[in-house]
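The values are calculated or read from the model by the stated rules, or taken from the named source; none is laboratory data. Bear in mind that the values here come from a model prediction, so they are computed numbers and not experimental data. Because the Cβ atoms are built from the backbone with ideal geometry, glycine has one as well, and the counts that use them run over all protein chains shown. Ligands, DNA and RNA are stripped out before the accessible areas are found, and what is left, the full protein with its side chains, is counted by its heavy atoms. Shrake-Rupley method; radii C 1.70, N 1.55, O 1.52, S 1.80 Å.
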Amino acid sequence: MGNTNVTTLHKPASAQYPIHDLISHRWSPRAFSDQPVDQATLKSLFEAARWAASAANKQPWNFIYATRENPEAFERLAAILVEANSVWAKNASVLILTVAKRGEYAGHEYTTYYELGMAVGNLVTQAVELGLATHQMGGFDKAKAIADLNIPEGYDPITVLAVGYPGNHETLPETLREREIAERTRKAQDEFVFEGSWK
Ligand SMILES: Cc1cc2nc3c(=O)[nH]c(=O)nc-3n(C[C@H](O)[C@H](O)[C@H](O)COP(=O)(O)O)c2cc1C
């Protein structure tokens, strides 16, 4: 797990109860190395997503990816990002747009987004095992994604993921560098876990 590059930051969760290393070591950096991610490794990420659970096994998740080895496709994906994201995400080796198929039957309207999230959860966890960093982004132009990437009716683009081997945070512009080294924080469990009924 991880990378031997000494300049790479590690920011494991300061978990209050024991959790798996693959969970605690996932975080969302903005510094990426330009080392390519090979096709077999990409297949492993999508395979992890493929084995997520879904209602009636409908598997409503879809992914459109581009690597920097294909500059035209990569630029098309990078161009849908808001400026605040593209400034750093264009240095990742891979961009992945996640797309949910809209729910097909009553009660499935929202679970489709839940299931896409489950699949992405698997993908980003598998990425840690493979020494890869991931950074999910909601900041992108959905209408532009639909138009430029030929997304059919009935499908919703949800996030873009920047994926790559971890880079050197010292190469980031100062404001991003500060965010990169900032402590990772979370709400306490008693703010969102209730026994028996809502508090
Ligand atoms: C659905 C979603 C949307 C996000 N959108 C953005 C974004 O547009 N830009 C960004 O820099 N980070 C974005 N993030 C990353 C979060 O800010 C980050 O996951 C959160 O601060 C927790 O940090 P950690 O992932 O390092 O634990 C997003 C994360 C998720 C799950």
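Key figures for this structure:
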{"read-out": "Label-point separation, residue 84 to residue 35 (7 Å along Cα→Cβ), nm", "value": "3.1"}
{"read-out": "Three-way shape call for segment 1-119 based on the alpha-carbon gyration tensor, with the a/c threshold at 1.5", "value": "oblate"}
{"read-out": "Net charge of neighbours whose Cβ lies under 14 Å from the Cβ of residue 165, counting Lys and Arg as +1 and Asp and Glu as -1", "value": "-1"}
{"read-out": "Accessible area per residue in Å² at 1.4 Å probe, computed on segment 21-184", "value": "50"}
{"read-out": "Fraction of accessible area attributable to carbon and sulfur, segment 21-184 (%, probe 1.4 Å)", "value": "51"}
{"read-out": "By average C-beta atoms within 10 angstrom, highest first, the peptides 54-66, 173-185", "value": "54-66, 173-185"}
{"read-out": "Gyration tensor (alpha-carbon) shape descriptor, the chain, a/c threshold 1.5", "value": "oblate"}
{"read-out": "Built amide H within the under 5 Å cut-off of residue 159, gap 5+", "value": "98"}
{"read-out": "HN-Hα J in Hz across segment 96-108 - Karplus 6.51, -1.76, 1.60, θ = phi - 60°, x for Gly and Pro", "value": "10, 8, 9, 9, 9, 6, 4, x, 9, 9, 3, x, 9"}
